[in-house]
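The values are calculated or read from the model by the stated rules, or taken from the named source; none is laboratory data. Everything numeric here is computed off the predicted structure, so don't read it as measured data. FYI the Cβ positions are ideal-geometry reconstructions off the backbone, even for glycines, and counts take in every protein chain you see. The protein model used for the area step is the full one, side chains on, heavy atoms only, and it has no ligands, DNA or RNA in it. Shrake-Rupley method; radii C 1.70, N 1.55, O 1.52, S 1.80 Å.
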Amino acid sequence: MNKSLFENTEVAFKMKKNFHLYNAIFLFNIITKKILVGILTNLTITMLKFRLPIKWILKGTIYKHFCGGIHIAECKKIISDMYKMNVCSILDYSVEGLNNENSFNNSCEKKIEIIDIVSENDAVPFAVFKPTSIGRYGLFKAVSDGKKLLKDEEDEWSNVVTRFHKICNHALINKTKILIDAEEYEVQKAIDELALEMMKSYNKEYVIVYNTIQLYRWDRIDYLNKLFKDYSKSKFNFGFKLVRGAYMEKERLLAKNGNYKSPICSSKNETDLNFNKAIDLMFKHIKKADFFIATHNEFSNYKVIDLMKKNEIKNNSDKIWFGQLYGMSDNITFNLASEGYNVAKILPFGPVENLVPYLIRRAQENSSFQGQSSRELSLLKKELIRRSS
Ligand SMILES: Cc1cc2nc3c(=O)[nH]c(=O)nc-3n(C[C@H](O)[C@H](O)[C@H](O)COP(=O)(O)OP(=O)(O)OC[C@H]3O[C@@H](n4cnc5c(N)ncnc54)[C@H](O)[C@@H]3O)c2cc1C
């Protein structure tokens with residue numbers, strides 16, 4: 001395995017001017033400090049609660065680094081600049097914590113509108129949605145728990161199913177692939193069942209719908225094996241987005257409070273082994289599944305590249321996509337793109353206050369796993385040194 005591809009900082013940061021690099025260094029220096037992140041997170045939440053003027057500080061710093069802008073129009077320059085370097089974008093309109101039918105309908109319409117806007121644009125081949133942005137969290141939980149729903153809840157659930165179909169059908173009509181995000185364990189069973197229903201309905205001629213598999217869950221390899229076994233002869237194909245998982249600390253707390261066995265692997269190493277197994281499974285069933293490998297982990301990306309070569313799969317085969325979040329791991333994204341692999345960045349957009357939970361997750365993630373943020377810092381510094389020599 002050639003492990004030098006992601007070392008090229010000239011390609012990685014071609015889009016960034018020096019002051020962008022200095023800003024990023026400043027930001028990563030802050031978010032690598034767990035205690036500081038904790039204090040700043042609480043401060044931000046309190047200031048937003050009391051409507052104190054913090055939005056402009058966020059907008060000029062962490063928001064600017066990880067998000068595209070408030071409206072799609074604000075994201076256009078980033079989208080076209082990245083596309084010039086062969087990197088696609090996935091527009092993610094982030095809204096979290098919605099809780100009434102009206103807001104779920106609006107959110108569904110927003111996804112449809114995004115599909116309409118991006119369907120003509122080769123730079124944006126995927127759309128994405130978070131299931132609990134179009135249905136109540138508590139309802140997903142009740143369905144996942146197998147609870148008998150009341151009449152009102154049944155109607156509410158039927159609205160959720162209709163919204164799923166509406167988005168996926170619209171994606172099919174417009175030939176835009178759609179990624180369904182994975183969420184907390186307590187709501188994921190209902191999401192998986194709906195996602196499977198969508199794949200059966202819309203992944204016939206080509207793969208439109210991708211469900212997300214979180215490999216920090218120790219039960220997911222069995223789940224994947226069962227799907228491949230149960231549907232080996234069926235007419236539809238699978239689409240999977242592979243991730244490690246973003247809610248580890250919350251999951252452990254939920255399991256402790258709920259007095260059930262944590263769904264999360266007991267160590268990072270166990271998660272990594274699971275992730276490797278999932279990649280192997282994808283290649284084993286490559287005829288039956290397209291996949292999107294969503295990770296900032298260099299080893300995982302190298303592993304996929306390696307297996308593509310071994311299996312004689314072309315770099316630009318539509319069956320395999322790579323993806324990172326905007327603002328992270330440019331060394332992976334832009335170097336993959338320079339070699340002709342399909343690669344896309346998730347580009348969140350929307351009002352600053354809507355994106356606060358997303359930004360907090362990014363900050364906490366970077367402070368929890370020193371490895372990744374230190375890597376970002378060392379690459380940024382390496383590029384500044386290269387430019388000055
Ligand atoms: C394009 C894209 C889309 C994404 N979509 C989703 C999504 O829909 N749902 C979602 O949940 N996440 C999503 N994520 C986030 C993802 O799940 C990870 O949180 C993030 O990418 C970090 O993992 P990694 O593989 O990049 O890096 P790594 O640094 O290799 O791994 C970090 C991850 O390893 C796991 N881990 C760390 N320590 C331990 C431990 N002690 N025990 C067990 N496991 C551990 C955690 O999952 C942690 O996030 C997405 C990420 C990307 C890039």
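General observations
- For the chain, DSSP calls about 5 percent of its internal beta bridges antiparallel.
- The GLU197 and SER267 beta-carbon pair, evaluated with R₀ = 30 Å, returns a calculated FRET efficiency of approximately 0.30.
- Near the amide H of ARG217, within less than 5 Å, lie the amide hydrogens of CYS265, all on another chain or at least 5 residues away, with H placed in the peptide plane.
- Other residues whose C-beta falls under 11 angstrom from the C-beta of SER329 contribute a net charge of -1, scoring Lys and Arg +1 and Asp and Glu -1.
- Label zone at SER119, where the point sits 7 Å out along the Cα-to-Cβ direction: the stretch 159-193 residues whose backbone N lies under 12 Å: 167-177
- Per residue, the chain exposes an accessible area of 47 Å² to a 1.4 Å probe, with every protein chain left in place.
- Dimensions of the chain from C-alpha coordinates, computed as largest minus smallest value along each principal axis and given longest first, are 67, 57, 44 Å.
- Theoretical gain in end-to-end length, TYR83 to VAL161 [0.36 nm per residue, Cα-Cα removed]: 24.7 nm
- Residues listed by number, the stretch 69-88, amide nitrogen under 13 Å from LYS14 label point at 7 Å toward C-beta: 81-88
- Rounded to whole Hz, the Karplus (6.51, -1.76, 1.60) HN-Hα couplings of the stretch 373-389, x for glycine and proline: 5, 5, 5, 4, 4, 5, 5, 4, 5, 4, 5, 4, 5, 4, 5, 8, 9
- Length added when fully stretched, LEU149-ASN174, from 0.36 nm per residue minus Cα-Cα: 5.6 nm
- Annotation for the stretch 49-96 versus the stretch 316-389: alpha-carbon center distance of 14 Å.
- Label-to-label distance, SER389 versus LYS64, with points set 7 angstrom from Cα along the beta-carbon direction: 2.9 nm.
- The stretch between ILE25 and LEU307, if pulled fully straight at 0.36 nm per residue, gains 98.1 nm over its current Cα-Cα span.
- Percent carbon-and-sulfur accessible area, the chain, ignoring ligands, DNA and RNA, probe 1.4 Å: 55
- Between amide H atoms placed 1.01 Å from N, distances below 5 Å from PHE292 occur with PHE240, LYS241, LEU242, TRP321, all of them 5 or more places distant or on a separate chain.
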